[in-house]
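Worksheet: the structure to be examined is printed underneath.
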Amino acid sequence: MTSEHDPASTTPEQAIAEVTGAYQKLKGEIHKVIVGQDAVVDQMLMSIFCRGHAVVVGVPGLAKTLLISTIARTLDLGFSRIQFTPDLMPSDITGTEVIEENKSTGQRELRFVKGPVFSNVILADEINRTPPKTQAALLEAMQERHVTAGGARHMLPEPFFVLATQNPIEQEGTYPLPEAQLDRFMFQILIEYPQADEELEIVRRSTGGGTAEVHAVLHTEDIRRVQSLVRQTPVADHVIRYALRLVRATRVNEPMDGGADRPKMVQDYVSWGAGPRGSENLILSAKAKAILSGSHHVTPEHIRQVAKPVLRHRLLTNFNAEADQVTVDRIIEDLLEAVPEEGSGAGERRQMDEVMR
């Protein structure tokens, strides 16, 4: 797929063809191993195309680890799996300094030995099984793309993705991720039980004698180009304002823009809303959704389609939500119904009319 063309000079039709071509190649290889779970696979690939991180949440046995390791095999990139346990230390992730003797001088020197985080694709398996001190070791790597040890900065390879798994039901011996770390993930992806026919195919494959061979179909330069093409997908100001209205409506401690009424479910059940990183990821992931849908630009519908995985881990619910058994996804659905696509300004309405024509 590698192309010498400058992404800035690529036509919208060429960009759509390149990105969807890469997507179809990856999805074809992934489904040699993974049965169904199309929405989960789509969101995982979108996070990679957006240069973002993702956490997959689901009960045991739903192939969360297998999915991520299979995706890593379809990419010609370095891969590390870190099994998070209660006794895992930060240096087990980032690396540590060791004392070595210089054979030529006889003097002892400190040398930094890189940890498993120095790879392109990181599978952080059962990330909530390790204490916050170790979870925090990923914070700098995920946001800054480097690790600091012994006062020295060590850059991580590019591209770099953290794809984590989490078990939502087994709470004994687990440590919930801090909101600051959850916010670093572009998506929180929920993986559900397979359909009956899908589970039949899973059992057939897993109890049979053959094993599928997965090939690497995208290389480093291919991934970088796809990421660049996604970022250049046009998005009009009125669409950005719509995304901002959604995010800002979740902030219960701030007044609503223009004196509008806050959605009732947000007002009743949310104690803390999404920050600016939520707005950024909403627009960026909508760009990926748009180009994969064959659209030349982002529309409010693309914003709505990515709202749940982008926002569900950024809304902190209160006791009333737990008592009334109201889920975050239900709150987001109410938010999407309550917040209008058009703003109150005449200029924004005029701009939307021009785009729709």
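Taken residue by residue, the stretch 68-85 has no member that is farther than 26 Å from THR220 by Cα and over 23 Å from the mean Cα position of the chain (by Cα). Quick one: in the stretch 101-127, of everything that is polar (S, T, N, Q) and either in contact with an Asp or Glu (Cβ under 9 Å, 6 or more places away or on another chain) or loosely packed, with under 11 Cβ neighbours inside 10 Å (or both), which residue is nearest to LEU77 (Cα to Cα)? It comes out as ASN120. In this structure, does GLN188 turn out to be assigned by TED's automatic domain parsing to the domain that holds VAL147, in contact with a strand residue (DSSP E or B) (Cβ under 8 Å, 6 or more places away or on another chain) and surrounded by 12 or more Cβ atoms within 10 Å (Cβ to Cβ)? So GLN188 passes the test. With the condition kept exactly as written, say whether any residue in the stretch 85-95 is in contact (Cβ under 8 Å) with a residue 12 or more places away in the chain, surrounded by 21 or more Cβ atoms within 10 Å (Cβ to Cβ) and either hydrophobic (A, V, I, L, M, F, W, C) or in the same structural domain as ILE283 (by TED's automatic domain parsing) (or both). Yes, because at least one residue in the stretch 85-95 is in contact (Cβ under 8 Å) with a residue 12 or more places away in the chain, surrounded by 21 or more Cβ atoms within 10 Å (Cβ to Cβ) and either hydrophobic (A, V, I, L, M, F, W, C) or in the same structural domain as ILE283 (by TED's automatic domain parsing) (or both). Just checking, does the stretch 88-95 include any residue being modelled with pLDDT of 85 or more, assigned to a loop (DSSP other than H, G, I, E, B), among the acidic types (Asp, Glu) and under 30 Å from ALA152 (Cα atoms)? Scanning the stretch 88-95 turns up no residue that is modelled with pLDDT of 85 or more, assigned to a loop (DSSP other than H, G, I, E, B), among the acidic types (Asp, Glu) and under 30 Å from ALA152 (Cα atoms).
Conditions (1) within 20 Å of THR233 (Cβ to Cβ); (2) touching a residue at least 40 places away in the same chain (Cβ under 8 Å); (3) touching a Lys or Arg at 6+ places or on another chain (Cβ under 9 Å), marked per residue:
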site	(1), (2), (3)
LEU26	yes, yes, no
ARG51	yes, yes, yes
VAL57	no, yes, yes
ARG73	no, yes, no
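Exactly one residue out of THR165, THR148 is farther than 24 Å from ILE48 by Cα, outside any loop (DSSP other than H, G, I, E, B) and of a type in the set (Val, Ile, Thr), and it is THR148. Pairing each residue of the stretch 243-254 that is under 17 Å from GLN305 (Cα atoms) with any residue that is assigned to a helix (DSSP H, G or I) and of a type in the set (Asp, Glu), provided the two are 6+ apart or on different chains, yields C-beta distances under 8 Å for ARG245/ASP257.
The values are calculated or read from the model by the stated rules, or taken from the named source; none is laboratory data. Because the structure is predicted, anything quoted here is derived from the model rather than measured. Here Cβ is always computed from backbone atoms with ideal geometry, including for glycine, and neighbour counts include all displayed protein chains.
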